[in-house]
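Working notes for the structure below.
The values are calculated or read from the model by the stated rules, or taken from the named source; none is laboratory data. Everything numeric in this text was worked out from a predicted model, so none of it was measured. All Cβ positions, even for glycine, are placed from backbone atoms using ideal geometry, and neighbour counts span all protein chains on display. Keep in mind that these areas ignore ligands, DNA and RNA; they rest on the heavy atoms of the full protein, side chains included. Shrake-Rupley method; radii C 1.70, N 1.55, O 1.52, S 1.80 Å.
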Amino acid sequence: MVSNWPGYMDEDEDGSPSTLTMFQKRTGIKVDYTADVNDNLEFFAKVVNQLGSCTSSQRDMFMLTDWMAARMIQVGWIQPLDKDKVPNLHANLIDSLAHVGWDEDRSYSAPWQSGLTGIAYNKAKVKEVRSFDELLTRSDLKGRISLLTEMRDTMGLLLLAEGADPAKFTDSEWDNAIDRLRKVRRDGQIRAFTGNEYIQDLSAGNILACEAWSGDVAAAENEDLVFVAPEEGQMIWADNMLIPNLATHQGNAEEWINFYYEPEIAAKLASFVWYICPVKGAQQAMEKVDPSLVDNPLIFPTEESLATTHAFMALEEFQIRAYEGDFADVIGG
């Protein structure tokens, strides 16, 4: 069984099989695929009791964002990958994702897709929104915006709006940012904190603008929805394939990873999901899949675009408890 985020897999259409169908046909492996990851903490709550008590989570793979992947690896809940069974991962992973501090040699994780966190607005309903500060302050947006339940995305942009660096900030800078969020929430600017479901409200006009993930806006195929890199900067992240302890089909999961690191397969998937593709050679392979996407910056960002991105600081366990506690108090209030 594979657990993934919604909208993260291409579909069978017009006689063209999806990559999932191609994998099953090539390998003979039947995949029980489910899109039941809507939020990292929400998914963590689904599996924490099983993994914490050394029983099966009933999953062979799930995809989680960097910080949660790091957390699960650190506590010993993720199986190491057999390097010999995932040669494409080590040959084709793009350099910018190859060596992360929490899994230096990608011994436990393989990026599924990478993406950007910025803002989006419905241009049919409201004038252009250029900055995160505008999202939090404009009177015409009051009660008609949403922010994400992912603490590192929302607070990363809050820290940027307050002039701090999300990759290296102090407790005082954190306090200023969380106080700002608390005030904005109290003043009624925010309609809701959400996971992936924000895109439906934005399309319907229930919200006018929001914090957003780049690929969600592209995949919505709604010309009225516009993704914007905020003037303050944007957050960058990856969702990672992980094989949990007691997975009963580890070899099948490793075969899956190796398959999705073929450039042609990666290009076909990227043409549907429109997130940053982590596979070398996929941009060249895109020439045959969809030439119009070869230079799409949401899939293959330029160096100039990447220069505006920020990552969130790695946290110690005591900081995780404190910061997530602060954030939960605000969004739950």
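Taking the stated definitions as given, is ALA266 within 16 Å of the chain's Cα centre (by Cα), in the same structural domain as ASP103 (by the TED database) and under 30 Å from PRO244 (Cα atoms)?
So ALA266 fails the test.
Exactly one condition in (1) surrounded by fewer than 22 Cβ atoms within 10 Å (Cβ to Cβ); (2) within 22 Å of ALA69 (Cβ to Cβ); (3) charged (D, E, K, R); (4) over 20 Å from the mean Cα position of the chain (by Cα) is false for LYS280; which is it?
(4)
Within region 200-213, take every residue that is in a helix (DSSP H, G or I) and touching a residue at least 60 places away in the same chain (Cβ under 8 Å) and give me the one that is surrounded by the fewest Cβ atoms within 10 Å (Cβ to Cβ).
So, considering only residues that are in a helix (DSSP H, G or I) and touching a residue at least 60 places away in the same chain (Cβ under 8 Å), the one surrounded by the fewest Cβ atoms within 10 Å (Cβ to Cβ) is SER203.
Could you count how many residues in region 242-271 are assigned to a loop (DSSP other than H, G, I, E, B) and open to solvent by 10 Å² or more (accessible area, probe 1.4 Å)?
Residues in region 242-271 being assigned to a loop (DSSP other than H, G, I, E, B) and open to solvent by 10 Å² or more (accessible area, probe 1.4 Å): 6 in total.
State the number of residues belonging to region 19-53 that are open to solvent by less than 60 Å² (accessible area, probe 1.4 Å), free of Cβ contacts under 8 Å to residues at least 24 places away in the same chain and within 17 Å of ILE265 (Cα to Cα).
Qualifying residue count, region 19-53: 3.
Test each condition in (1) basic (Lys, Arg); (2) open to solvent by 30 Å² or more (accessible area, probe 1.4 Å); (3) within 19 Å of the chain's Cα centre (by Cα) for LYS123 and report the one that comes out false.
The one condition LYS123 does not meet is (3).
Under 8 Å between Cβ atoms, which residue pairs at least 6 apart in sequence (or on different chains) link something in region 58-72 that is touching a residue at least 60 places away in the same chain (Cβ under 8 Å) with a partner that is of a type in the set (D, E, K, R) and surrounded by fewer than 24 Cβ atoms within 10 Å (Cβ to Cβ)?
Listed by first residue and then by second, the contacts come to ALA69/ASP103; ALA70/ASP103.
Go through region 1-18 and report how many residues are open to solvent by 60 Å² or more (accessible area, probe 1.4 Å) and either among the hydroxyl-bearing types (Ser, Thr, Tyr) or touching a helix residue (DSSP H, G or I) at 6+ places or on another chain (Cβ under 6 Å) (or both).
Residues that pass the stated criteria total 1.
Can you tell me which of ALA285, ALA266 is in contact with a Cys (Cβ under 6 Å, 6 or more places away or on another chain) and either farther than 25 Å from MET68 by Cα or at pLDDT 95 or above (or both)?
The conditions single out ALA266.
The conditions are (1) open to solvent by 10 Å² or more (accessible area, probe 1.4 Å); (2) in contact (Cβ under 8 Å) with a residue 60 or more places away in the chain; (3) in contact with a helix residue (DSSP H, G or I) (Cβ under 9 Å, 6 or more places away or on another chain), and PHE132 fails exactly one of them. Which is it?
(1)
Got a number for residues in region 284-333 being open to solvent by 80 Å² or more (accessible area, probe 1.4 Å), among the hydrophobic types (A, V, I, L, M, F, W, C) and in contact (Cβ under 8 Å) with a residue 24 or more places away in the chain?
Of the residues in region 284-333, 1 are open to solvent by 80 Å² or more (accessible area, probe 1.4 Å), among the hydrophobic types (A, V, I, L, M, F, W, C) and in contact (Cβ under 8 Å) with a residue 24 or more places away in the chain.
For region 137-158, what are the residues that are under 19 Å from TYR121 (Cβ atoms) and open to solvent by less than 10 Å² (accessible area, probe 1.4 Å)?
Selection gives LEU141, ILE145, SER146, LEU147, LEU148, THR154, LEU157, LEU158.
When you look at GLN319, is it of a type in the set (S, T, N, Q), more than 19 Å from the chain's Cα centre (by Cα), under 16 Å from GLN113 (Cβ atoms) and not in a loop (DSSP other than H, G, I, E, B), yes or no?
So GLN319 does not fit the description; no.
Quick test for you: out of GLN234, GLN189, pick the one residue that is within 16 Å of the chain's Cα centre (by Cα), open to solvent by less than 50 Å² (accessible area, probe 1.4 Å) and farther than 21 Å from PHE43 by Cβ.
GLN234
Enumerate the pairs (first residue in region 159-175 and free of Cβ contacts under 8 Å to residues at least 40 places away in the same chain and open to solvent by 30 Å² or more (accessible area, probe 1.4 Å); second residue anywhere and in a helix (DSSP H, G or I) and among the small types (Gly, Ala, Ser)) with beta-carbon separation below 7 Å, excluding pairs fewer than 6 apart on the same chain, so at least 6 apart or on different chains.
From residues that are free of Cβ contacts under 8 Å to residues at least 40 places away in the same chain and open to solvent by 30 Å² or more (accessible area, probe 1.4 Å), the pairs are GLU162/ALA177.
Which helices (runs of 4 or more DSSP H) sit wholly inside region 12-125 and have at least 3 residues that are in contact with an Asp or Glu (Cβ under 7 Å, 6 or more places away or on another chain) and modelled with pLDDT of 95 or more?
Helices (runs of 4 or more DSSP H) meeting the threshold: 19-27.
So which of ASP239, ASP216 is of a type in the set (Asp, Glu), within 20 Å of HIS310 (Cβ to Cβ) and part of a strand (DSSP E or B)?
Just one listed residue meets the conditions, ASP239.
Has region 64-85 got any residue that is touching a His at 6+ places or on another chain (Cβ under 7 Å) and surrounded by fewer than 20 Cβ atoms within 10 Å (Cβ to Cβ)?
Yes: region 64-85 contains one or more residues that are touching a His at 6+ places or on another chain (Cβ under 7 Å) and surrounded by fewer than 20 Cβ atoms within 10 Å (Cβ to Cβ).
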